[in-house]
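The values are calculated or read from the model by the stated rules, or taken from the named source; none is laboratory data. Everything numeric here is computed off the predicted structure, so don't read it as measured data. Cβ coordinates were reconstructed from backbone atoms using ideal geometry, including for glycine residues, and neighbour counts include every protein chain displayed.
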Amino acid sequence: MRILHISDTHIGGASYFNKEVLEGILGETRKHKYDLVIHSGDVTQGGRRQEFEQARKILSRIDIPLIALAGNHDARSGGLCLFEKYIGPLDGVREIGDAVIIHVNSAFEDSDQGRVGMVKFDMMRKALNDYSEKKIKIIVLHHHTIPIPMAGRERNVLTNAGDILDLLLKEDVDLVLSGHRHYPNIYQIENTVFINAGTASAKKTRYGDVNSYNIIEINERIRKVKTVRLDGKVQGFSFLRRKKRIFSDFGEREFRAVHIANTLISESRAFLKRNFINAVDTIKKLNPDLLIHCGGIVREGIAGDYEAAVSYMEKFDIPVVYTPAGRDMNYLGYYLFPTYFGSIDQRYSNESILFQGVCSAQYDSHEGIVGPSQRKLLLKKLETPEETKAVFLHHNVLPIPHSREKGLLEDSGDLLREIVDAEIDLVLTGTSSHPFAVQIGETIVVNANSLSSVYQRSVFGNSFNIIDIYEGAIAVFEVNSLWGRRRLLGIWERNKKAD
């Protein structure tokens, strides 16, 4: 199957739409054989009738099957009704041979935000179940599920991106196509390839980039993607389907880390003292080499909470590294954190492994940011000889299930891209109070639940993570804080880097 993937054409006035560029791209369908054209949204600039009339005239020249979605720009000025009238249905399912393409509208009126509500989420889940026998499954959304680099401040990822990501991975979807951010980007997460298109014909490009489109070829075994920029640059990517592997022997265990977050130590009812004490006893019996606390150490940045936190954290009696959350830095926290727990960017290393912290917290804010200077310094710190490298911070770099996406790092797209490209083995985070672990590229991203706070989202209860690093694999387990029950979050083959 061969797909021409375009997005964000922004058809309208000449001040923001380049008609000649779009017509040149669509000429691809006459020069080369394609089975399908997918337009992943923002067909028009402002959702006006004249723009939709112009769009229908241009798109009607495509003589192969076309699937087009509405975007946030199409939803302006009552444009969703016009979209259905001039372009096609907002949601739908299309079968083409051995493939099923499920397209879902994520735009809503007069907002740049993206949302797939409960009704459409259930529609997507039902369609994936109904067509589970299809050898190729493709989802199309306008808004991105995964943060995009070179796209500015991350502020309008899908509000329920974590639940959508969880569903797509569980259903083993082959491709997820999107647009919205005017910058092309491609990731493989587990067995699913997420493809973001740049803008095909809008004059608003980012970071000096140019208009672009994607060519996708897919069969049961491999997904090939080419991003074609109109300045002649072409980037090609191939993704084999990862085989499900059953491990019978991991080799020797080289390191064990315990990963915690959101203890919220205080005299308030938010702190569950019994859960904390029981977790200490369980963790001691596990005999870890290191404990990593990914923020939310105290409930508030006040002296009483910090004094209590020191007393409680000393009970672990093992090496601990910390990174702060916003609540750790509020009030006097900016002074108390380094006074009681040491430097802001902490580090642990031995001959074979490095854990490097990076502070994403800001004073009196739950929002997180690392920033370009800090990212550059972080990557410099990671230029060391250790075979296994990990980064830990408070804010999540991937969406987390069962939470409205508000803990995401503002520059998560840039940080995630740089870490994945550097083939860092592990990224540990601690927001949103729900356990989650996936592999993106060769990097395993793990989020911790709340260890001992009433504010947690796991039906498993308060918990912490065990990360076991073996010769041949990395295994991540969630352990209930109160009772010590354990469940597997994932096992991945070790990223053996070439010398």
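Descriptive notes on the structure:
- Candidate set: region 330-356, residues that are charged (D, E, K, R) and either in a loop (DSSP other than H, G, I, E, B) or more than 27 Å from the chain's Cα centre (by Cα) (or both); chosen: the one nearest to residue 394 (Cα to Cα): 345
- Any chance residue 269 is surrounded by 11 or more Cβ atoms within 10 Å (Cβ to Cβ) and over 28 Å from residue 321 (Cβ atoms): no
- In region 366-407, the qualifying residues are those that are among the aliphatic types (A, V, I, L, M) and closer than 19 Å to residue 259 by Cα, and the one that is farthest from the chain's Cα centre (by Cα) is 390.
- Residues that are part of a loop (DSSP other than H, G, I, E, B) and within 23 Å of residue 300 (Cα to Cα), drawn from region 462-471: 462
- Filtering region 406-424 to residues that are touching a residue at least 60 places away in the same chain (Cβ under 8 Å) and either small (Gly, Ala, Ser) or surrounded by 23 or more Cβ atoms within 10 Å (Cβ to Cβ) (or both) leaves 408, 409, 411, 412, 413, 416.
- A count restricted to region 52-67 and to residues that are within 33 Å of the chain's Cα centre (by Cα) and closer than 12 Å to residue 83 by Cα stands at 2.
- Each residue in region 178-202 was checked for being under 16 Å from residue 104 (Cβ atoms), among the hydrophobic types (A, V, I, L, M, F, W, C) and crowded, with 24+ Cβ neighbours inside 10 Å, and 1 pass.
- Residue 264 fulfils the conditions (1) of a type outside the set (Val, Ile, Thr); (2) under 19 Å from residue 309 (Cβ atoms); (3) surrounded by fewer than 21 Cβ atoms within 10 Å (Cβ to Cβ) except for a single criterion, (3).
- Considering residues of region 205-224 that are in contact with a Pro (Cβ under 9 Å, 6 or more places away or on another chain) and surrounded by 22 or more Cβ atoms within 10 Å (Cβ to Cβ) only, the residue farthest from residue 99 (Cα to Cα): 212
- Annotation: residue 191 fulfils all but one of (1) under 26 Å from residue 208 (Cβ atoms); (2) under 16 Å from the mean Cα position of the chain (by Cα); the unmet one is (1).
- Residue in region 108-150 that is modelled with the highest pLDDT, counting only those that are surrounded by 14 or more Cβ atoms within 10 Å (Cβ to Cβ) and of a type in the set (S, T, N, Q): 145
- Filtered residue count, region 225-249, keeping only those that are over 21 Å from the mean Cα position of the chain (by Cα), surrounded by 13 or more Cβ atoms within 10 Å (Cβ to Cβ) and in the same structural domain as residue 101 (by TED's automatic domain parsing): 5
- Lone qualifier among 169, 165, 175 - being more than 28 Å from residue 13 (Cα to Cα), modelled with pLDDT of 95 or more, surrounded by fewer than 20 Cβ atoms within 10 Å (Cβ to Cβ) and not assigned by TED's automatic domain parsing to the domain that holds residue 457: 169
- Scanning region 472-495 for residues that are farther than 13 Å from residue 448 by Cβ, among the small types (Gly, Ala, Ser) and outside any strand (DSSP E or B) yields 472, 484.
- For residue 439, the conditions (1) assigned to a loop (DSSP other than H, G, I, E, B); (2) in contact (Cβ under 8 Å) with a residue 60 or more places away in the chain are fulfilled apart from (1).
- Qualifying residue in region 275-295 (condition: within 30 Å of residue 470 (Cα to Cα), out of contact with any Ser or Thr (no Cβ under 6 Å at 6 or more places or on another chain) and among the hydroxyl-bearing types (Ser, Thr, Tyr)): yes
One line per residue, one yes/no per condition, for (1) within 28 Å of the chain's Cα centre (by Cα); (2) surrounded by fewer than 17 Cβ atoms within 10 Å (Cβ to Cβ); (3) within 23 Å of residue 435 (Cα to Cα); (4) not basic (Lys, Arg):
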| residue | (1), (2), (3), (4) |
| --- | --- |
| 256 | yes, yes, yes, no |
| 282 | no, no, yes, yes |
| 290 | yes, no, yes, yes |
| 301 | no, no, no, yes |
| 328 | yes, no, yes, yes |
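- Test result for residue 221, more than 25 Å from residue 372 (Cα to Cα), of a type outside the set (A, V, I, L, M, F, W, C), in contact with an Asp or Glu (Cβ under 9 Å, 6 or more places away or on another chain) and modelled with pLDDT under 95: no
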